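Here the structure comes first, spelled out in structure tokens, and everything after it is commentary.
The values are calculated or read from the model by the stated rules, or taken from the named source; none is laboratory data. Bear in mind that the values here come from a model prediction, so they are computed numbers and not experimental data. Reconstructed Cβ throughout: ideal geometry from the backbone, glycine too, with neighbour counts over all protein chains shown.
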Amino acid sequence: MTVREKIELLPHSPGVYRYYDDKGTVIYVGKAKDLYKRVHQYFVPPERLNAKTRLLVARISDVQYSVVDSEADALLLENNLIKQFKPRYNILLKDSKTYPWICVSTEMFPRVYLTRRLEKNGSRYFGPYSSAFYARNLLDFFTRNWPLRSCRLKIDSDAILRGKYRPCLDYHIGRCAGCCIGKVSQEEYNSWIEEIVHLLKGGVSEIIAKYKDAMLQASEALDFEAAQFCKQRMEALQRHYAKSIITSAGERDLDVFSLVFDGSDAFGNFLRVRGGAIIQSLNLGFKMQIEEEQSAVLSSFIAEIEAKFGELAKEVVVPFLPDVELDGVSFTIPSRGDKLSLLDLSAKNAREFQFNTLKQREHTDPDAFRQGVMEELRKALGMNELPRHIECFDNSNLQGTNPVASCVVFRDAEPSKKDYRRFKVKTVIGANDYASMKEIVNRRYSRMLDEAPDDLPQLVVIDGGAGQLNFAWQAICELGIQDKMTVVGLAKRLEEVIRVGDPYPLFLDRNSQALKLLQRARDEAHRFGITFHRSLRSKAAVHSTLRDIPGIGPRTEERLLLHFGSLARVMAASEEDVAALVGPKLARQIAENK
């Protein structure tokens, strides 16, 4: 599949795309609010590109992408991947100072400050923050609520005892506790630092609860100024604390695995998180020749990743447990928090990989693709044989007028338009979908039993709920062919599959190709039926009163209208003029019906 064909399958989602040359080297990493639109901007006529971009596009041999939840996450992931791959054609974001981090130093009295450089000195780093404005506001929040030092003095016990330093302006205005002159103990100061670290790790709800309690206590004590202060701090937290999925660098190393299963295929995504930042993302596909347990497939996936990228992190996030245990590795199935967000992000990439792979297979090997879809549908509906012949029925009427029905036929998961049939409802008066469905199904298979009894479908789909399905099933039972086919209904509201005799609907995965095939058949039956219904309505709309006169058929009507120009002129013409065209007998009939 060519690069231009691949980019047609890109999703309209935020994410990061990577271009590879013919040697498999990453030559460009970019971010996008809409991957489809952004990547398409490169593949336009060369004269619309500058020289650098033309050179880049000429070297692209492959394109890969990772979807994320927001533009901010796309920005951060792009930054991490550029630092990892150092692509030749990337200019921006190669500098490690690109995004700000909040650093908590390892000094006796730690400082909390903003930096764009991560140093291996034991300090704790939190971020990166896509918005420096937000990071500075967060720091300002800390300094307004905790009297931390902002100076770079080397404060130790000896310097305090010798009175080496004099207090600065921050101390005099109450913004610093005066640790340089021994006005605050190391234990108390570090308790403030740990509270800030707790907030940076995501403990915002606890801090908000703390301020809420303090606000209530202050109001009960009639200290309304303190209560207002607590309220402002609480609102500031709620307003400004919008933590990214990619957080807490220096605090957490994780490997994240997710799997999506589709028949005999499995599609996996792997995310490597180091220092709280996603530094690697890889998709892998698995073909299961025999029925494998999902836990065994996950174990194979983990083994393949370990072979490619080396030792795993001590904590591995998974959607379910593998069937092996690894020394020094603990597996986590998250139910909430950052780890669940990362697992959801990985699963989103796996589903995109699944969709992309199936679409490619549809282009490159359509027969195998259709075979897989039919096998998936067979398993989903519990059928004994492959649904190679599918028929779908739909009714159509407008307030009971011109009731019609349609039957569309799919063979080997593709429409067989030569086998389509349309029906006028004959025995049902008014808008009665149930009785109409029974009549049409009965007429369809009565005729098939007479003309082609060996060509009955394996699967019959009824557009509608339990009511339409039950009446169609009655018709099939009356014909005695209920053991020769599977009959289901497809309700539009929730796209649930209704089965005969089962009070509980079957909900297929909305991304599954089996459901998409049923939806395609249903939509085709609706289109075919509504087209027939519209044509009947159009004919009824142009029906003139001439056709109601005995002896006048369509050809006589056409001669009169062509000669006189309109119905009004026919009615206004003299009996002699009309008789000259159609004879005296019909002229007398027309005159009597004026």
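Of all residues in the range 26-45, those satisfying the criterion of being in a loop (DSSP other than H, G, I, E, B), touching a residue at least 12 places away in the same chain (Cβ under 8 Å) and not charged (D, E, K, R) are Y42, F43. Looking only at residues that are of a type in the set (S, T, Y) and part of a strand (DSSP E or B) in the range 392-423, which one is modelled with the highest pLDDT? Within the range 392-423, the match that is modelled with the highest pLDDT is S406.
Quick one: how many residues across the range 56-92 are of a type in the set (S, T, Y) and modelled with pLDDT of 80 or more?
Kept after step one, since they are of a type in the set (S, T, Y), are these residues of the range 56-92: 61, 65-66, 70, 89.
Then keep just the ones that are modelled with pLDDT of 80 or more; that gives 61, 65-66.
So the count comes out to 3.
S436 meets the stated requirement of being touching a strand residue (DSSP E or B) at 6+ places or on another chain (Cβ under 8 Å), more than 22 Å from H389 (Cβ to Cβ), surrounded by 14 or more Cβ atoms within 10 Å (Cβ to Cβ) and of a type in the set (S, T, Y).
Out of A177, A209, A227, one residue alone is farther than 22 Å from I102 by Cα and over 41 Å from the mean Cα position of the chain (by Cα). It is A227.
Just one of the numbered conditions (1) under 30 Å from R351 (Cβ atoms); (2) at pLDDT 75 or above is not true of N511; which one? For N511, the failing item is (2).
Selection of the range 453-462 for residues being touching a helix residue (DSSP H, G or I) at 6+ places or on another chain (Cβ under 8 Å) and either under 11 Å from V488 (Cβ atoms) or assigned to a helix (DSSP H, G or I) (or both) yields D455, L459, V460, V461, I462. Scanning the range 210-234 for residues that are hydrophobic (A, V, I, L, M, F, W, C), out of contact with any Cys (no Cβ under 6 Å at 6 or more places or on another chain) and assigned to a helix (DSSP H, G or I) gives L216, A218, F224, A226, A227, F229, C230, M234. With respect to the conditions (1) over 20 Å from the mean Cα position of the chain (by Cα); (2) free of Cβ contacts under 8 Å to residues at least 40 places away in the same chain; (3) within 27 Å of T364 (Cβ to Cβ), R48 falls short on a single one, namely (3).
Please list, ordered by residue number, the strands (runs of 3 or more DSSP E) wholly in the range 255-324 having 1 or more residues that are surrounded by fewer than 21 Cβ atoms within 10 Å (Cβ to Cβ) and modelled with pLDDT under 80.
On the way: elements: 265-274, 277-287, 315-317.
Strands (runs of 3 or more DSSP E) meeting the threshold: 265-274, 277-287.
In a residue-by-residue description of the range 360-369, the property of being touching a residue at least 40 places away in the same chain (Cβ under 8 Å) and part of a strand (DSSP E or B) applies to no position.
Tally the residues that are of a type outside the set (A, V, I, L, M, F, W, C), more than 21 Å from the chain's Cα centre (by Cα) and part of a loop (DSSP other than H, G, I, E, B), restricting the search to the range 492-533. The total comes to 5. Of all residues in the range 1-25, those being in contact with a Ser or Thr (Cβ under 7 Å, 6 or more places away or on another chain), more than 17 Å from F353 (Cα to Cα) and either free of Cβ contacts under 8 Å to residues at least 12 places away in the same chain or not in a strand (DSSP E or B) (or both) number 2.
Yes/no per residue for (1) in contact with an Asp or Glu (Cβ under 9 Å, 6 or more places away or on another chain); (2) under 20 Å from A405 (Cα atoms):
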site: D454; (1), (2): no, no
site: V461; (1), (2): yes, yes
site: E496; (1), (2): no, no
site: L515; (1), (2): yes, no
site: Q519; (1), (2): yes, yes
site: T531; (1), (2): no, yes
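Within the range 199-218, the set of residues being at pLDDT 80 or above and either charged (D, E, K, R) or in contact with a Phe, Trp or Tyr (Cβ under 7 Å, 6 or more places away or on another chain) (or both) comprises K210, K212, D213.
So, of the residues in the range 16-52 that are touching a His at 6+ places or on another chain (Cβ under 8 Å) and surrounded by fewer than 19 Cβ atoms within 10 Å (Cβ to Cβ), which turns out to be nearest to Q64 (Cα to Cα)?
So in the range 16-52, the residues touching a His at 6+ places or on another chain (Cβ under 8 Å) come out as 34-37.
Keeping just the survivors that are surrounded by fewer than 19 Cβ atoms within 10 Å (Cβ to Cβ) gives 34, 36-37.
On the way: D34: 14, Y36: 12, K37: 15 Å.
Once the filter is applied, the top-ranked residue is Y36.
Against the numbered list (1) of a type in the set (D, E, K, R); (2) closer than 24 Å to E496 by Cβ; (3) part of a loop (DSSP other than H, G, I, E, B), R378 comes up short only at (3).
Among the residues of the range 451-478, which ones are out of contact with any strand residue (DSSP E or B) (no Cβ under 8 Å at 6 or more places or on another chain) and modelled with pLDDT of 90 or more?
Taking the range 451-478 as the starting set, the residues that turn out to be out of contact with any strand residue (DSSP E or B) (no Cβ under 8 Å at 6 or more places or on another chain) are 451-454, 467, 470-471, 474-475, 477-478.
Within the range 451-478, N470, F471, Q474, A475, C477, E478 qualify.
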